[in-house]
1. How do the pairs read when you match residues in the range B:95-110 that are more than 23 Å from A:E42 (Cα to Cα) and at pLDDT below 60 with residues anywhere that are not in a loop (DSSP other than H, G, I, E, B) and not aromatic (F, W, Y), using Cβ under 6 Å and keeping only pairs 6 or more apart or on different chains?
2. Considering only residues that are more than 7 Å from every other protein chain (Cβ to nearest Cβ) and part of a loop (DSSP other than H, G, I, E, B), look in the range A:85-101 and name the one that is modelled with the lowest pLDDT.
3. Given the condition part of a loop (DSSP other than H, G, I, E, B), more than 14 Å from chain B (Cβ to nearest Cβ) and of a type in the set (D, E), answer yes or no: does some residue in the range A:34-49 qualify?
4. Given the options B:S75, B:S82, name the one that is out of contact with any Phe, Trp or Tyr (no Cβ under 8 Å at 6 or more places or on another chain) and farther than 30 Å from A:Q6 by Cα.
5. Contact list please: Cβ distance under 9 Å, first residue in the range A:63-82 and on the phi > 0 side of the Ramachandran plot and at pLDDT 95 or above, second residue surrounded by 13 or more Cβ atoms within 10 Å (Cβ to Cβ) and of a type in the set (F, W, Y), pairs at least six apart or on different chains.
6. Go through the range B:62-79 and give me each residue that's farther than 25 Å from B:D28 by Cα and either part of a loop (DSSP other than H, G, I, E, B) or charged (D, E, K, R) (or both).
7. Name the one entry in B:S49, B:S75, B:S93 that is small (G, A, S) and away from chain A (no Cβ under 14 Å).
Amino acid sequence: GNSVTQMEGPVTLSEEAFLTINCTYTATGYPSLFWYVQYPGEGLQLLLKATKADDKGSNKGFEATYRKETTSFHLEKGSVQVSDSAVYFCALNTNAGKSTFGDGTTLTVKP
Amino acid sequence: DVKVTQSSRYLVKRTGEKVFLECVQDMDHENMFWYRQDPGLGLRLIYFSYDVKMKEKGDIPEGYSVSREKKERFSLILESASTNQTSMYLCASSSPGAGGESFYGYTFGSGTRLTVV
C-alpha cells in the first residue's frame, strides 16, 4: 500500500534560518505529491504540489522537488519567518482519489 | 473564495449523546472526507464519499457513521459519543479521481474540536 514518512519533529529554528523537512514515500503507480500547512487552530491548507518526476512545486518561498529515484519530496525554505510556525504535512495521491498523509512535522520559528 | 465550512469550531457533548458534525462545500466537488486528528497520531481517515448517497469506510470507522444526501453536504454522526472520541475533526473535499494536472489537492475546513465529557 501507499505510505508517507516525514522527519520527526518538532523542529525549532531561529528567524532567517534555512529549513528542510524530509519526506519520503512508497506508492504503487505514479503519485502526485503535496505539502500542506496547518496553522494553529486551523484546518490544513495546500502549500504546494508536484505531479510528475523532476517537477518543482513552489509557493510563499517554499519549494519541493519530486525525486522519483529517491522517492522523496523534501520541503525547503531559504529564510524562515516567525509566521511560518505551523505543522507541515507531506501527502501523496494516486488514482484512487484518496490521499495518504504523513504524520506531520511541527515547526517553531523563534525571533 | 471557495471553501469548506464546518458548522461548529468547538463542541462539548455528554457521553452517550448522538452527535452530528456538519460539513458543506461550495466547489461542486464529488469527493468528501472526514478525518480525525490527535496528537502524535497524525490524520486518520474515518469515512469518505465519492458521490451522493455513497460512502466508504476509512481506517477507523468504528463508532461513526456518515450521511451524504446532497452533493455539497457530508455529515459525520457519532451514534453514542464516548470520551475516546474527543478529538479535532477535519472535513475535506476534492475534485474527482485521478492524479496528474487535473487534481488540485484537498480543500479542508477549519475543523471542529469536539470534547466528550
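The values are calculated or read from the model by the stated rules, or taken from the named source; none is laboratory data. The structure presented is a predicted model; accordingly, all values stated were derived computationally and were not measured. Note that each Cβ is placed from the backbone with ideal geometry, even for glycine, and that neighbours are counted across all protein chains shown.
1. Short answer, once both residue conditions are applied: B:G99/A:S32; B:G99/A:N93.
2. Once the filter is applied, the top-ranked residue is A:A96.
3. First pass over the range A:34-49, keeping only residues part of a loop (DSSP other than H, G, I, E, B): A:39-43.
Now restrict to residues that are more than 14 Å from chain B (Cβ to nearest Cβ): none.
Checked the range A:34-49: no residue is part of a loop (DSSP other than H, G, I, E, B), more than 14 Å from chain B (Cβ to nearest Cβ) and of a type in the set (D, E).
4. Working: B:S75 fails: out of contact with any Phe, Trp or Tyr (no Cβ under 8 Å at 6 or more places or on another chain).
Testing whether each residue is out of contact with any Phe, Trp or Tyr (no Cβ under 8 Å at 6 or more places or on another chain) and farther than 30 Å from A:Q6 by Cα leaves just B:S82.
5. Between residues of the range A:63-82 that are on the phi > 0 side of the Ramachandran plot and at pLDDT 95 or above and residues that are surrounded by 13 or more Cβ atoms within 10 Å (Cβ to Cβ) and of a type in the set (F, W, Y), the close pairs are A:T71/A:Y25.
6. Of everything in the range B:62-79, those that are farther than 25 Å from B:D28 by Cα and either part of a loop (DSSP other than H, G, I, E, B) or charged (D, E, K, R) (or both) turn out to be B:E62, B:G63, B:E79.
7. Details: B:S49 fails: away from chain A (no Cβ under 14 Å); B:S93 fails: away from chain A (no Cβ under 14 Å).
Only one candidate passes the filter, namely B:S75.
Per-residue answers, yes or no, for (1) within 23 Å of B:F108 (Cβ to Cβ); (2) in contact with a Pro (Cβ under 6 Å, 6 or more places away or on another chain); (3) crowded, with 17+ Cβ neighbours inside 10 Å; (4) of a type in the set (G, A, S):
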| residue | (1), (2), (3), (4) |
| --- | --- |
| A:C23 | yes, no, yes, no |
| A:P31 | yes, no, yes, no |
| A:L44 | yes, no, yes, no |
| A:K52 | no, no, no, no |
| A:A64 | yes, no, yes, yes |
| A:F73 | yes, no, yes, no |
